[in-house]
1. Scattering from the C-alpha atoms of the range 387-450 alone, worked out with Debye: what is log10 I(q)/I(0) at q = 0.11, 0.12, 0.20 1/Å?
2. Apply the Kirkwood formula to the range 158-296: the hydrodynamic radius equals the inverse of the mean of 1/r over all pairs of different alpha-carbon atoms; give it in Å with one decimal.
3. Considering amide H positions built from the backbone, and no H for Pro or chain starts, which residues 5 or more places from VAL300, or on another chain, come under 5 Å of its amide H?
4. Please list, ordered by chain and number, the residues whose modelled amide H lies under 5 Å from the amide H of SER639; skip anything fewer than 5 residues away on the same chain.
5. Using only the alpha-carbon atoms, what does the range 397-548 span along each of its principal axes? Please give whole angstrom values in decreasing order.
6. Taking θ = phi - 60°, what integer Hz values does the Karplus form 6.51 cos²θ - 1.76 cosθ + 1.60 yield along the range 669-677, in sequence order, with x for Gly and Pro?
7. If you plug each phi of the range 384-390 into the Karplus form 6.51 cos²θ - 1.76 cosθ + 1.60 with θ = phi - 60°, what whole-Hz ³J(HN,Hα) values come out, in order, with x for Gly and Pro?
8. Modelled label-to-label distance, GLN487 and TRP445, 7 Å Cα→beta-carbon offset: nm?
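Values quoted throughout were computed directly from the atomic coordinates according to the rules given, and no laboratory measurement underlies them. Fair warning: this is a prediction, and the values are worked out from it, not measured in the lab. Here Cβ is always computed from backbone atoms with ideal geometry, including for glycine, and neighbour counts include all displayed protein chains.
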Amino acid sequence: MPEPSAAGGAGRGLTLSQFRHHYLYSPQPPQGACERLWKACLPGPACAADCVQRRLPIVTWLPAYQPRQDLVGDLIAGFTVAIMHIPQGMAYALLAGVPPIHGIYMAFFQCLLYVVLGTSRHLSVGTFAVTCIMTGKVVLEYSAPQPGAPGRPEHDPVTVATTVALAVGLVQLAMFVLRMAALTVVLSDMLVRGFTTGAAVHVLFSQLPSLFGLHLPRFSGAGKLAKLSVAILKNVHSANPASTAISAATIVILVLNNELFKPQLAKRTRFPVPVELLVVIVGTSVSFFCDLAGRFDVQVTGNVTTGLPRPSSPAISLLPNVLLDAVIIAIITYSVALSMAQLLARKHEYTVDASQELLAQGVGNAVSAWFSCAPMGASLSRSLIVDATGGRTQASGLITALLLLFVLLWLGPVFQLLPRCVLSAIIVVSLKGLLCQLREAPQLWRTSRADTLIWAATLLAVVLVDIDVGLAVGVVVSVVVLLWRHQRPPAELLGRVPGTDLYMDRKKYRATELDPDVRIFRFGGALHFCNVGYFRSRLAALTGLEEARRRQAASREDCESAGRRRRAANTADDMELLAPLTAEDSDGGGRRVPATPRPAGFSPFSHLVLDMSGVSFTDSASTRDLLAVVRECQALGISCLLAGCNETVLRMLHACRSPLQEDQLYPSVHDAVVAIRSSHVSGDAQWLSDSAS
């Protein structure tokens with residue numbers, strides 16, 4: 001087959017490969033219709049193997065970068081997101097159980113690696129609340145012993161977190177090599193929403209001790225939220241007044257900014273005011289001048305080192321112990337990141353390669369693990385900021401990484417006196433979007449009760465038991481709901497819309513007409529051994545075959561009764577000879593003729609049309625049952641026709657030696673109905689001709 005040509009403009013007559021080779025590095029777009037093709041070719045391939053094949057660099061956005069159009073937006077977006085990374089990174093690092101400076105390490109290294117390998121132009125990677133709290137669970141389990149919990153294995157929290165990051169990276173790279181990117185389909189949207197909402201509840205409760213200045217042990221295992229709640233209630237009387245006041249003031253400022261000032265400023269400028277960073281600066285300044293740690297016993301960040309971390313090896317011996325948690329974190333982080341990337345890509349009309357995204361995250365986690373980083377995730381809030389501030393390419397991530405490098409080299413010690421309650425307040429306010437998903441429950445219930453079941457089961461399991469158990473429960477419930485939906489797909493009796501060739505569900509559209517001699521049944525899903533019983537029961541109930549079966553059974557009983565009466569009459573020969581004959585009982589030769597039921601006429605209709613257009617495939621068991629239905633209809637005097645069968649269904653019918661003739665298969669329901677009507681007309685004409693002769 002010849003390669004398609006790039007018609008129009010300067011590319012007229014060129015093949016697609018010639019067009020790409022000629023215009024890929026062109027600084028100006030061609031004129032005419034080829035401009036769209038030029039834009040489509042510029043972003044380049046989405047995976048490294050394809051890059052090698054096409055002889056393109058791994059950094060796919062670089063050949064398409066246009067400084068005049070992209071630089072300003074990328075500078076603003078990169079600077080803004082870098083400012084957001086500082087307070088969020090430090091705050092979310094506490095969720096992972098590591099010192100706050102490691103959150104900035106994650107932002108720097110993982111942003112830099114994603115710039116090289118990622119395909120989304122707006123995704124902001126680094127710290128993510130859900131990922132950090134799942135990592136914190138593992139860190140708490142395997143880190144050094146804490147007061148009141150002796151006997152724990154002695155591992156440094158940073159070492160455990162980096163080991164988890166390495167394990168997550170290896171799992172994602174294995175998924176990339178095995179092309180298992182589609183594995184995340186088991187994580188439905190309802191499951192992810194229920195999981196993230198439950199994780200937000202965990203994050204909220206985990207920050208309450210810091211908000212009130214309480215010194216409590218960290219709990220783990222099933223029911224840890226209940227244990228933490230009891231501990232907070234028992235110790236709430238010993239809350240630190242200074243920490244409580246600082247937390248309340250910070251939350252009020254952030255909420256007022258988000259609800260009142262930010263929407264107004266967004267109408268006037270696309271550059272958001274970095275209120276979180278201002279709160280951090282003000283909190284650090286107040287802590288320095290008022291000596292909050294010494295005078296009021298306020299917990300502060302503590303020692304913050306400058307410079308980049310030295311490469312250090314994770315605990316390789318710990319990898320088998322954290323592998324299961326790593327698999328869960330790998331799937332969750334990849335699913336959430338890919339969903340965000342695809343959402344923004346659809347908005348800006350470009351594509352995201354799912355396999356390349358898996359490679360980018362795998363490499364990012366595996367490499368950054370050697371530089372004191374916990375597993376990476378994608379933040380929706382930061383990604384939306386990249387979009388809102390005009391980010392156009394991954395260059396915004398490069399600018400973010402350079403600014404964070406400046407912070408790591410020179411500004412790190414500035415945050416040593418930052419109160420931890422300020423970071424906790426930032427985390428709590430950022431949870432609003434996830435917690436507000438609870439308000440959608442009534443609308444979700446009205447829309448789909450099955451989806452509500454998945455959401456509620458996942459949420460309750462995460463909150464009442466634990467995060468990993470909640471994810472497992474959500475997956476199991478999702479699979480059960482999926483099987484239930486496949487087992488009971490839509491089954492409808494169709495009627496014709498007057499004046500058209502459309503056939504719609506009679507329950508939903510009352511204006512449809514029902515032909516008294518024709519029944520049209522539509523099955524709206526794959527037909528297989530699990531739901532073939534449901535198919536037969538719905539077919540019999542909606543079309544009237546059940547009534548026809550009862551009539552046939554009653555007729556057989558009548559026939560058997562007549563036979564018994566005749567055998568009884570034959571034994572009484574004398575009575576039979578004396579009995580007078582009537583014209584109705586005699587066949588003209590002096591014998592009785594028993595009444596024989598007609599083989600047809602059991603059903604009130606004469607034709608059944610099975611609309612198979614919604615049946616994607618059938619297996620051998622369901623195909624044999626389908627043919628059994630056809631034979632049963634023939635026994636009842638009903639002509640059975642199939643309409644809209646795709647190639648897969650036709651192939652399976654042929655493999656099962658279907659007795660169906662060509663005049664029983666039609667491309668559409670309307671074609672089948674037209675053929676039935678034409679056969680009725682020809683039959684009536686033949687009857688009139690025979691009567692006349």
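1. Here the Debye-derived log intensity ratios amount to -0.58, -0.66, -0.97.
2. Roughly 19.4 Å, rounded to one decimal.
3. The answer is ARG420.
4. Those qualifying (amide H under 5 Å, at least 5 residues apart or on another chain) are HIS607, LEU608.
5. 86, 39, 28
6. Per-residue couplings from phi come out as 5, 5, 4, 5, 5, 4, 5, 5, 5 Hz.
7. After applying 6.51 cos²θ - 1.76 cosθ + 1.60, I find 5, 5, 4, 5, 5, 8, x Hz.
8. Simple spin-label model gives 2.5 nm for this pair.
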